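What follows is a set of notes on a single structure, which appears directly below.
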Amino acid sequence: MRYDTAANMINTWLNVSILDDYHDTVRTLACFSKLAGHEVKIWHDHVQDVDALAERLKDAEALVLIRERTKIRAALLDRLHKLKLISQRSVFPHIDVDACTRLGIIVSSGQHADTPSYAAAELTWGLILAAMRQIPQQMNALKAGKWQIGIGASLRGKTLGIYGYGRIGTVVAGYARAFGMNVRVLAREAALARAGADGYTVARSRDAFFQECDIVSLHLRLVEATRGIVTAGDLARMKPDALIVNTSRAQLIEPGALAHALKAGRPGIAAVDVFEEEPVLDTQHPLLKLDNVVCTPHIGYVSRDEYEIQFSDIFDQITAYCAGRPINVVNPEVLHAASNGR
């Protein structure tokens, strides 16, 4: 067992490793000062190979993860003999929590239930506007010496379908009012009740939702129940000039179904910020080769303002651990085992 309450009451210094900081941004944040006094190593490339990660992290006592960029599984954890704490924010399907518990490694991850990612909601609207007005295609054509290659579509009076009325879906729906759009919601019963109370229309049925909405935006968490929840049949029901937007998780859509549907013409357009395997470095990726898709490299939450919020919480979790009072603990069994002397 690695976690011991008494020992950590005086453990004010840790060897901290931060993975996947692609742009060397973390050290430039104001909140980075919260790690003063710790030994900090920051890695800027993405590595998933277990041997390479085990070598990189062999001295790490605290591991900071940037969302779900790197999978932390048992094969790796079993080789990280000094690791005591994993600190991150939001959901954690990429972490083998059971293995962490077995090894006495605390996983701290604040869920920020009442603080939506406004950055992700804003990017959703950026993608909607870009796709509906053909902004990337028009820019590329202009640079190639062409003038007005097509006619886009405006938003006012159209119907925006929000699939999943949680923290981000609620914000996206609110922005739709500023554009004069109709909003229709498909979600679980409790969420539908909130949507109705907020003045939005509840979808008559699942089929009607996909058939009638001009734009469908996905805002669901990825759990086993939602994996592949948007099927090829759902996509085939959409209008030939409809847009589907995904800034949540690629795995919400049935594997391979989106590219096939776009080639078949229903829906006619897609805008995506997420992919089944990331990072995407293959220029031959099926979605990148389609002219009716606007793609961005999972930047929904990647803004300096959002980073300050997220990493401030992540570093506070490290401070709390060092004080012997871990917070946002996903696997409290580790604490119970330590208090019982095991």
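The values are calculated or read from the model by the stated rules, or taken from the named source; none is laboratory data. Everything numeric in this text was worked out from a predicted model, so none of it was measured. Cβ placement follows ideal geometry from the backbone for every residue including glycine, while neighbour counts extend to all protein chains displayed. When the accessible area is computed, the model is the full protein with side chains, heavy atoms only, and any ligands, DNA or RNA have been set aside. Shrake-Rupley method; radii C 1.70, N 1.55, O 1.52, S 1.80 Å.
If we keep just the residues of segment 36-53 that are part of a strand (DSSP E or B) and among the β-branched types (Val, Ile, Thr), which is least open to solvent (accessible area, probe 1.4 Å)? Restricting to residues being part of a strand (DSSP E or B) and among the β-branched types (Val, Ile, Thr), the top hit is ILE42.
Quick one: what pairs do we get from segment 95-106, first residue at pLDDT 95 or above, second in a helix (DSSP H, G or I), C-beta under 6 Å, 6+ apart or different chains? From residues that are at pLDDT 95 or above, the pairs are ASP96/ALA74; ALA99/ALA74; ALA99/LEU77; THR101/GLU333; THR101/VAL334; LEU103/LEU77; GLY104/VAL334; ILE106/VAL334.
Residues checked against (1) within 22 Å of ARG133 (Cβ to Cβ); (2) in contact (Cβ under 8 Å) with a residue 40 or more places away in the chain; (3) crowded, with 18+ Cβ neighbours inside 10 Å:
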| position | (1), (2), (3) |
| --- | --- |
| GLU278 | no, yes, no |
| HIS285 | no, no, no |
| LEU290 | yes, no, no |
| GLN310 | no, yes, yes |
| PHE315 | no, yes, yes |
| PRO332 | no, no, no |
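Here is a yes/no grid of residues against (1) of a type in the set (A, V, I, L, M); (2) surrounded by fewer than 19 Cβ atoms within 10 Å (Cβ to Cβ); (3) modelled with pLDDT under 95; (4) in a helix (DSSP H, G or I):
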| site | (1), (2), (3), (4) |
| --- | --- |
| LEU160 | yes, no, no, no |
| GLY169 | no, no, no, yes |
| ALA176 | yes, no, no, yes |
| LEU192 | yes, yes, no, yes |
| GLY196 | no, yes, no, yes |
| ALA208 | yes, yes, no, yes |
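Here's the yes/no breakdown for (1) under 16 Å from SER108 (Cα atoms); (2) part of a loop (DSSP other than H, G, I, E, B); (3) at pLDDT 95 or above:
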site: ASP20; (1), (2), (3): no, yes, yes
site: ASP24; (1), (2), (3): no, yes, yes
site: GLU55; (1), (2), (3): no, no, yes
site: ILE66; (1), (2), (3): yes, yes, yes
site: ARG79; (1), (2), (3): no, yes, yes
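Look at (1) over 26 Å from HIS112 (Cβ atoms); (2) in contact with an Asp or Glu (Cβ under 6 Å, 6 or more places away or on another chain) and you find that LYS239 fails only one, number (2).
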